[in-house]
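Below is one structure, written out as structure tokens; the observations come after it.
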Amino acid sequence: MEPTREKPVVVDAGADTILDGSRFIRACLRRPVDRTPVWFLRQAGRYMQEYRDVRKHHTLIEICKQPDLAAEVTITAAEKLGVDAAIIFADLLLPLEPMGLPFEFQAGEGPVVHHPVRTAEHVRALRTDRADDLAYVARAIQKVAAHFRDRLGIIGFCGAPFTLASYMIEGGGSKNYIHTKQMMYRDTLSWRLLLDKIVKVLEEFCRLQVQAGADVIQIFDSWVGSLGLADYREYVFEATKRLIRSVQQMGVPVIYFGVETAGLLSEMAATGADVIGLDWRQPLDEGWRAVGHGHAVQGNLDPITLFAPIEILELRVKEILRAANGRPGHIFNLGHGIVPTTPVENVQAVARMVREFRLESKVVPVNG
Ligand code: CP3
């Protein structure tokens, strides 16, 4: 089913004609834009009726593995919200399967990896030669790209080495990452081999996505905030930087995202990522200063503010936009993903607020 196409939104911005998609990519590269681009982490998910309807008939993994369904879910969410970018519907854990680690999503518990990686032998047994099995994600991207063309930016994604390793070792989500950190500290050789193997698979996975039409790759390091700065530097930085650099060499910008990362931001920026994702625990301008103005930033509304009365929501959205102060290189987003009971109309309202926002102090040219 092809959802109806809206007319492309063309904005006259002086010498340039900016389509929504290029507005997003330009912001990733810190080029001037006519207005701040906006999209939402986990914009396709259970808070949206259309997604719940598809989920009635298919499991999460079925949706990921059927390019028609994955593309439909991706497109429907982006169009319904009026955002500037569409993130491909997939999951962080998909690369585990071709590496030899089957997993499932158990209702209410999140992902469960059946045979967690705990020993040197387990690490040695992981395969790195089957990234092509993930071609279904690339086929979904092709469909989304054919639908939107240049109208919206298309975001491919993967997990970061640390976050993916933590799922493999813990066997699911974790509070204290004891097994992960134990391997890191006590069997550093296996830890480094594990990260090398993950990077090898992710490079191939990202290449498939870029060749299929992804304009940007977002690397999710959702749980990296569990690390102190010294451990990040010693055990995680090098592999992450290698992945980011090699994706950039494929010709696309990289967004590097983590949560509770206030203490890690300058080091995360040192990976060379084009854009750093910020969570809501510090004001956007402070976070941007820590990242350095040589990088773009993405964020940083608390996703739970989407439950606030509209006046408070608007106050917080405007605070973020004012903190960015028109500096090129801000992409509006949440600090983490939309949660399942979020009112969809509030997400739409935020997209509208960002689309309509203009800095009071800036003179907006009338005819370019
Ligand atoms: O629009 C989108 O963002 C959808 C695409 C997407 C999904 N997962 C689909 C999904 C993306 C970008 C992800 C990334 C992902 N997956 C991350 C990184 C982002 C983050 O939130 O930090 C992580 C940590 C995962 C692993 C994962 N997948 C967990 C922990 C869970 C269970 C948590 C929960 O909410 O139940 C999932 C399941 C999952 N992946 C859902 C969706 C929409 C939940 C809905 C469902 O079961 O249908």
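Near Thr188: Cβ cut-off under 13 Å, other residues only, Lys/Arg at +1 and Asp/Glu at -1. The net charge is -2. Scattering from region 208-304 was approximated by placing one identical point on each alpha carbon and applying the Debye formula without solvent; log10 I(q)/I(0) at 0.13, 0.14 1/Å stands at -0.42, -0.49. Principal-axis analysis of the Cα atoms of the chain puts helix 237-248 at an angle of about 50° to the longest axis. Length gained on full extension, Ala308 to Ala107, computed as 0.36 nm times the residue gap minus the Cα-Cα distance: 69.6 nm.
The mean sequence distance of close C-alpha pairs (under 8 Å, at least 6 residues apart), as a share of the length of region 90-168, puts its relative contact order at 38 percent. Taking the Cα atoms of the chain, the ratio Rg/Rh between the radius of gyration and the Kirkwood radius comes to 0.95.
Given R₀ = 45 Å, FRET efficiency for Ser174-Arg31 by Cβ-Cβ distance, to 0.05? Step by step, r from the Cβ atoms, then E = 0.70. For region 46-115 versus region 31-45, the spacing of their alpha-carbon centroids is 20 Å.
The distance linking region 116-143 with region 269-303 is 30 Å (Cα centroid to Cα centroid, whole angstrom). Using the Cβ of Leu134 as centre and a radius below 9 Å, the other residues enclosed give a net charge of -3, where K and R count +1 and D and E count -1.
Tell me the net charge near Pro328. Cut-off is 11 Å between Cβ atoms, Pro328 excluded, with +1 for each Lys or Arg and -1 for each Asp or Glu. After counting each charged neighbour, the total is +4. Rounded to the nearest 5, the antiparallel percentage of DSSP beta bridges internal to the chain is 25%. Between the Cα long axis of helix 161-170 and the first principal axis of the chain there is an angle of about 50°, rounded to the nearest 10.
Note on the chain: with charges restricted to the Cβ of Lys and Arg (+1) and Asp and Glu (-1), its dipole about the Cα centre is near 380 debye. The alpha-carbon of Lys175 sits under 19 angstrom from the alpha-carbons of these aspartates and glutamates, leaving out residues fewer than 8 places away in its chain: Glu109, Asp221, Asp231, Glu260, Asp279.
Considering only Ala27, Met48, Gln106, the residue lying farthest towards the positive end of the dipole of region 11-356 is Ala27, judged by Cα position with unit charges set on Cβ.
Within a straight-line Cα-Cα reach of under 25 Å, Lys143 can be paired with the following lysines, leaving aside sequence neighbours fewer than 8 residues apart in one chain: Lys7, Lys56, Lys65, Lys80. Partners of Lys241 within straight-line reach, counting lysines whose Cα lies under 18 Å from its Cα and excluding those fewer than 8 residues away in the same chain: Lys197, Lys200.
Of Leu264, Val247, Leu227, which is farthest towards the positive pole of region 224-272's charge dipole, taken about the Cα centre with +1 and -1 on the beta-carbons of Lys, Arg and Asp, Glu respectively? Going by the Cα projections, it comes out as Val247. Using C-alpha pairs below 8 Å separated by at least 6 residues, the relative contact order for region 241-368 is 21 percent. The relative contact order of the chain, computed from alpha carbon pairs under 8 Å that lie at least 6 residues apart in sequence, is 21 percent.
Once the Cβ-Cβ distance of Ser266 and Tyr185 is raised to the sixth power relative to R0 = 25 Å, the FRET efficiency obtained is 0.60. Put in line by how crowded their Cβ is, counting other Cβ atoms within 10 Å and starting with the fewest, Ser166, Ser222, Ser266, Ser22 read Ser266, Ser22, Ser222, Ser166.
For the chain, the longest principal axis of the C-alpha atoms and the axis of helix 310-324 are separated by about 80°.
Quick note: the coordinates plus some simple rules give every number you see, no bench work behind them. What you see is a predicted model, and the numbers here were worked out from it, not measured in a lab. Using ideal geometry, Cβ is built from the backbone for each residue, glycine included, and neighbour counts are taken over all protein chains shown.
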